[in-house]
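Scroll down for the structure; my scribbles are underneath it.
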Amino acid sequence: MRILVGVQGTGNGHLSRCAALAEAASQRSDIELDFLVSGRPQAALFDMEAFGDWQWCEGLTFAVQQGRVSLRETMRRNNWGKFWQDVHQLDLAPYDLIVSDYEPITAWAGRKQQRRVIGIGRQFAFYKATQTLSIHVAQRQLLRWFAPVSEALGMHWFEDGQHTVPPIIHQRAQVTNLQQRHYLVYLPFENLAAIHQLLAPLSDYRFSVFHPQAEHQQVGHVHYFPPSRQGFADCFASVAGVISNAGFETSCEALAMGKKLLVRPLQGQFEQVANARCLDIAGLAQVMEELSTEHVQRFIEQDSAVYCKWPNVAEAVVAWLAAGAQEPLAKLSKRLWQQSELHDYFQLVKRN
């Protein structure tokens, strides 16, 4: 079974999730995955070894200004002519299946060539209305237009809809030497100066900040690091809590390790706004609408976190694909959710 996987490169979560799929597939002889990555300049991609001899296209991406998605800049900056050229030139004939992790070139090429395209990833949880992920019908249509697929396999924190499965977690480090006063900060769309201003007054704690514009340096109790999936994972394993945007993958990694979680949704990005609302209502995380030192202080002083036990979804999805994705989505969904558990992490620790 040879499959082309389109990866939306704008977010590290897409790359992390698809790297987990690549590693699971490498353990089997009955499936071969090829990868096409778009949405980020090729030179800005890092830690790509898991993808083998991958392809790159310019693709489409959302433009962000001052922590908000700008639709005007999104329309102006994207090279729409090159996008449609890549869609028309992509040859899907060598592949048995097409998979898109919200990557639009593979999705639209599949539609044009009348091929079966399976959408796998967080955005596809929004393809159908659910009780816990409330977005406007026009926003749902925009999601469907950006990366159209034949079948949508969405990922969620808990069971809500027969088209959802638990998240794929790509963990590269084990929880060791937990440091109670150490926090990881991942706010890639915020200005570095604003992040430092947010954290500077909290000198009783240590912060490790990963940011696309950061250089490796220490300023008082704040340590700055450039992007690194392995470095991020190593730091993630030891911290007491995580402060991040309301992207799906980082939130999942925190919940899978029982880390306290504070999210600041990217304004104008309705998926992150919906994520934050869902996390808040479900009691899985605190939400910070604007950068606030006082809010961070309150978050640090709380002593509760949620631990989510999810199965190895990457292995299950790869096995499902290797069998031709013949098992109905509803059956796959039910089987994986039956293997999932949610716990209050600190109460669990006390019981043990």
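The values are calculated or read from the model by the stated rules, or taken from the named source; none is laboratory data. Here the structure is a predicted model, which means the values were calculated and not measured. No Cβ is skipped: glycine too gets one built from the backbone with ideal geometry, and neighbour counts run over all protein chains shown. Side chains included, ligands, DNA and RNA excluded: accessible areas come from the protein's heavy atoms. Shrake-Rupley method; radii C 1.70, N 1.55, O 1.52, S 1.80 Å.
For (1) of a type outside the set (A, V, I, L, M, F, W, C); (2) open to solvent by 50 Å² or more (accessible area, probe 1.4 Å), each residue gets a yes or a no:
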site	(1), (2)
Pro265	yes, no
Asp280	yes, yes
Ala285	no, no
His295	yes, no
Ala322	no, no
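Each row is one residue, and each column tells you yes or no for (1) closer than 13 Å to Leu187 by Cβ; (2) crowded, with 16+ Cβ neighbours inside 10 Å.
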site: Ala200; (1), (2): no, no
site: Arg206; (1), (2): no, yes
site: Val209; (1), (2): yes, yes
site: Pro212; (1), (2): yes, no
site: Glu215; (1), (2): no, no
site: Val219; (1), (2): no, no
site: Val222; (1), (2): yes, yes
site: Pro226; (1), (2): no, no
site: Ser244; (1), (2): yes, yes
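Can you pull out every residue in segment 1-31 that is assigned to a loop (DSSP other than H, G, I, E, B) and farther than 15 Å from Ile118 by Cα? Gly9, Thr10, Gly11, Ser26, Gln27, Arg28, Ser29, Asp30, Ile31, listed by residue number.
Of all the residues in segment 216-253, those that are in contact (Cβ under 8 Å) with a residue 24 or more places away in the chain and farther than 21 Å from Gln8 by Cα number 12.
Taken together, the residues in segment 100-156 that are in a helix (DSSP H, G or I), of a type in the set (Gly, Ala, Ser) and either open to solvent by 20 Å² or more (accessible area, probe 1.4 Å) or under 20 Å from Arg17 (Cβ atoms) (or both) amount to 4. Lys128 meets all of the listed conditions (1) basic (Lys, Arg); (2) modelled with pLDDT of 95 or more; (3) closer than 20 Å to Phe270 by Cβ but one, namely (2).
In this structure, is Gln297 in a helix (DSSP H, G or I) and within 17 Å of the chain's Cα centre (by Cα)? Judged against the criteria, Gln297 is not a match. Would it be correct to say that Ser238 is at pLDDT below 90 and not charged (D, E, K, R)? No, not satisfied. Count of segment 68-87 residues, restricted to those that are modelled with pLDDT of 85 or more and either surrounded by 12 or more Cβ atoms within 10 Å (Cβ to Cβ) or part of a loop (DSSP other than H, G, I, E, B) (or both), is 8.
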